[in-house]
Amino acid sequence: MEVNWKPAPEDHDYPAAANYLSLILKPDQVSSLVAALASAPTVTQKAKDILRAARLDLLPPDNVHVADDLDKLKQGKSLSPILLVRGRFDAGIALQIADGYHRVCASYHVDENTDIPCRIVDLT
């Protein structure tokens, strides 16, 4: 099985990122970050490195959302790039996967060295 990616995040990824970020940031910060994510360049990072920097556990392949993404990959469908807010190692702040945690886990289950297209912005 191969992991294929869409060229850009889907429109619904940004409100999903905003919903998550609204749990940990003030509304004006959320608006600013989501706007920055929409215009940020797409870069690639390894699945294993994203999970490590985010300090998140790998979800199992039978997690309903991970399984759904794995099924999409089996069908040859492409996944949407993920949206990240850069952490600050010096301040003990982990990378935040604003949208795409399940997609990272699904791609990791295929190959932990998968290059994942993502958009990364700094916390302002």
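The numbers here are math on the coordinates, done by the rules we state, and not lab data. In this text, all values refer to a predicted model and were calculated from it rather than measured experimentally. Neighbour counts are summed over all protein chains in view; Cβ atoms, including those assigned to glycine, are modelled from backbone coordinates with ideal geometry.
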For TRP5, the residues 5 or more places away or on another chain with a placed amide H closer than 5 Å to its own amide H are LEU79
Binned Cα-Cα distance frequencies in the chain - 10 Å width, integer %: 14, 46, 33, 7, 0
Let me have the 222 nm mean residue ellipticity of the chain computed from DSSP H runs of 4+ only, each contributing -39500 (n - 2.57), with the sum over all residues rounded to the nearest 500. -12000 deg cm²/dmol
Interchain or long-range residues, amide H under 5 Å from LEU25's placed H: none
What's the tally of Lys pairs in the range 4-122 whose alpha-carbon atoms lie under 19 angstrom apart, where the two lysines are 8 or more places apart or on different chains? 4
Non-local residues with an amide H under 5 Å from the amide H of ALA94, with H modelled 1.01 Å from N and Pro and chain starts lacking one, are ARG88
Crossing angle, helix 101-110 versus the chain [Cα axis fit, 0-90 degrees, rounded to tens]: 30
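Give me the number: length gained by fully extending ALA38 to LYS74, i.e. 0.36 nm times residue separation minus the C-alpha to C-alpha distance, one decimal in nm. Show your work: numbers first, answer last.
Values: separation 36, 0.36 × 36 = 12.96 nm, distance 2.84 nm.
Length difference between fully extended and current span is 10.1 nm.
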Bridge type composition, the chain - antiparallel percent by DSSP, nearest 5: 55
Scalar couplings 3J(HN,Hα) for the range 111-120 by Karplus 6.51 cos²θ - 1.76 cosθ + 1.60 (θ = phi - 60°), nearest whole Hz, x for Gly and Pro, are 6, 4, 8, 4, 7, 9, x, 8, 10, 10
For a paramagnetic label modelled at 7 Å from the Cα of ASN4 toward its Cβ, which residues of the range 38-81 fall within the zone defined by backbone nitrogen distances under 18 Å? 68-81
Contact order normalised by residue count of the chain, Cα under 8 Å, 6+ apart, percent: 40
Hey, with R₀ at 22 Å, roughly what FRET efficiency would ALA91 and ARG52 work out to, going by the Cβ-Cβ distance, to 0.05? 0.80
Each residue of the range 51-68 in order: what ³J(HN,Hα) in whole Hz does its phi give by Karplus 6.51 cos²θ - 1.76 cosθ + 1.60, θ = phi - 60°, with x for Gly and Pro? 4, 5, 5, 7, 6, 10, 7, 6, 6, x, x, 8, 4, 4, 7, 5, 4, 4
